[in-house]
Amino acid sequence: WCQLFSEPGAGSDLAALATRAVRDGDDWVIDGQKVWTSSAHVARWAILIARTDPDLPKHRGISYFICDMADPGVDVRPLRQITGEAEFNEVFLSGVRIPDSHRLGPVGDGWKVAQTTLMNERVSIGGSRIPREGGMIGPVSQTWRNRPDLRTHDTHQRLLTLWVEAEVARLTGERLRQQLVAGQPGPEGSGMKLAFARLNQQISGLEVELLGDEGLLYGDWTMVRPELVDFTGRDAGYRYLRSKGNSIEGGTSEVLLNIVAERVLGLPAEPRNDKDVAWKDLSR
Ligand SMILES: Cc1cc2nc3c(=O)[nH]c(=O)nc-3n(C[C@H](O)[C@H](O)[C@H](O)COP(=O)(O)OP(=O)(O)OC[C@H]3O[C@@H](n4cnc5c(N)ncnc54)[C@H](O)[C@@H]3O)c2cc1C
C-alpha cells in the first residue's frame, strides 16, 4: 500500500490539494499529480484523496478512494533522497478510473477520513513498538560499549540524557497504544511523533560526532529503490541523513506543534481566511 496525499502545491496545507476526481457513470476519473509517495514503486494499492467539488470550501470538497496502482493511467517516477535512495516517488495520475465502490466514506467527506489516517500514521511513525534500547538509541549505545577509546565526559552526559529521553518516549508510546485499543488516536499522537523526530535527529547526530572521522564515511550512495522504509539500518551516516526526513514525513514538526498547541493545550487557533471560500476561488 502507499499513500497518495501530498501534492506539489499541497503538503502542510493538504486540504488545498488539486487532483480532481470527476464522476463518470459508476466510476470516478482521476487526474492530477502526487508527490513524496513512499513505496509507490512496490505498492499494489493506494489510498488517495482527490477533489470532487471545487465549488465547496477546500476541506469540504474532498473524497477518499482506494486506487489500483496497476491502472494504466498511474505513472510512478523515483525521487532520490539525501540518503541516495529513492524510497519515495512522484506519481502522475492521468485518466485513472476508480469504481465508486472503492470510495471510502461519503462523497465530500474525505477530509474526515484522511484525518483518521493521518492521526494513525503519526502514532505508527512515532510510537511503534520497540524493545528497550531499540530504534535509534540502539546503535549509538552499542558503539559506546564497544569503543571506550571514543568516550569523553561530555558525550557520556549527552548519551545518558538521550538514552533516558528515548526510554521515556518508548514508554509513552506503549501507553498511547494501550489507549488506542479503546478507540481512535487523538492529537496526542502528534506529540509522540514530534518527540520521535527530535530524538532521532539528536541521537544520530551524537553517533556521527562520537565516531569522529569514521562518522563521515558513507557506505553506499548508489541509487536503489528499497522495498521497505528503514530509519535505522545501514551505517551512522545513513541514520543521520535519513533522520532529517523524520521532522517532515507524516506532518512537519512545525505543523505538529500547531496541532499540540491548538488541540491538546487549547491555545487560540491560527488565523484562517479560507474557511468559507470556494476552493476554486482561492489564490494558488
Ligand atoms: C521521507 C518522506 C516520506 C514521505 N512520504 C509521503 C507519503 O508516502 N505520502 C504522502 O502523501 N506524503 C509523503 N511525504 C510528504 C510529507 O507529508 C510532506 O512533505 C509534508 O507534509 C510537508 O509538506 P511540504 O513538503 O509540501 O512542505 P510545506 O508544507 O511547503 O512546508 C514548508 C515549510 O513551511 C513550514 N510550514 C508550513 N505551514 C506552516 C504553518 N501553518 N505553521 C508553521 N510552519 C509551517 C513547514 O513546517 C516547513 O518547514 C513524505 C515526506 C518525506 C520527507
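Total residues in region 29-50 satisfying the condition of being more than 7 Å from the ligand (Cβ to nearest atom), out of contact with any helix residue (DSSP H, G or I) (no Cβ under 8 Å at 6 or more places or on another chain), open to solvent by 20 Å² or more (accessible area, probe 1.4 Å) and among the hydrophobic types (A, V, I, L, M, F, W, C): the figure is 3.
Just one residue in the set ASP13, ASP75 is near the ligand (Cβ under 9 Å from one of its atoms), free of Cβ contacts under 8 Å to residues at least 40 places away in the same chain and surrounded by fewer than 16 Cβ atoms within 10 Å (Cβ to Cβ); that residue is ASP13. Listed conditions (1) assigned to a helix (DSSP H, G or I); (2) small (Gly, Ala, Ser); (3) loosely packed, with under 15 Cβ neighbours inside 10 Å are all met by GLY134, apart from (1). Whether any residue in region 245-261 is more than 8 Å from the ligand (Cβ to nearest atom) and open to solvent by 40 Å² or more (accessible area, probe 1.4 Å) is what I want to check. Within region 245-261, none of the residues are more than 8 Å from the ligand (Cβ to nearest atom) and open to solvent by 40 Å² or more (accessible area, probe 1.4 Å). The number of residues in region 63-88 being under 27 Å from ASN246 (Cα atoms) and touching a Lys or Arg at 6+ places or on another chain (Cβ under 9 Å) comes to 11.
Counting just the residues of region 131-181 that are of a type in the set (Ser, Thr, Tyr) and free of Cβ contacts under 8 Å to residues at least 24 places away in the same chain, which one comes out farthest from LEU194 (Cα to Cα)?
Of everything passing the filter in region 131-181, THR152 is farthest from LEU194 (Cα to Cα).
Among the residues of region 78-91, the one identified as touching a Gly at 6+ places or on another chain (Cβ under 9 Å) and surrounded by fewer than 16 Cβ atoms within 10 Å (Cβ to Cβ) is ILE82.
The values are calculated or read from the model by the stated rules, or taken from the named source; none is laboratory data. Predicted model, so just to flag it, every value in this text is computed and none were measured. Don't worry about glycine lacking a Cβ; one is built from the backbone with ideal geometry, like all the others, and counts go over all protein chains shown. Quick note on the areas: whole protein, heavy atoms, side chains included, nothing else; ligands and nucleic acids left out. Shrake-Rupley method; radii C 1.70, N 1.55, O 1.52, S 1.80 Å.
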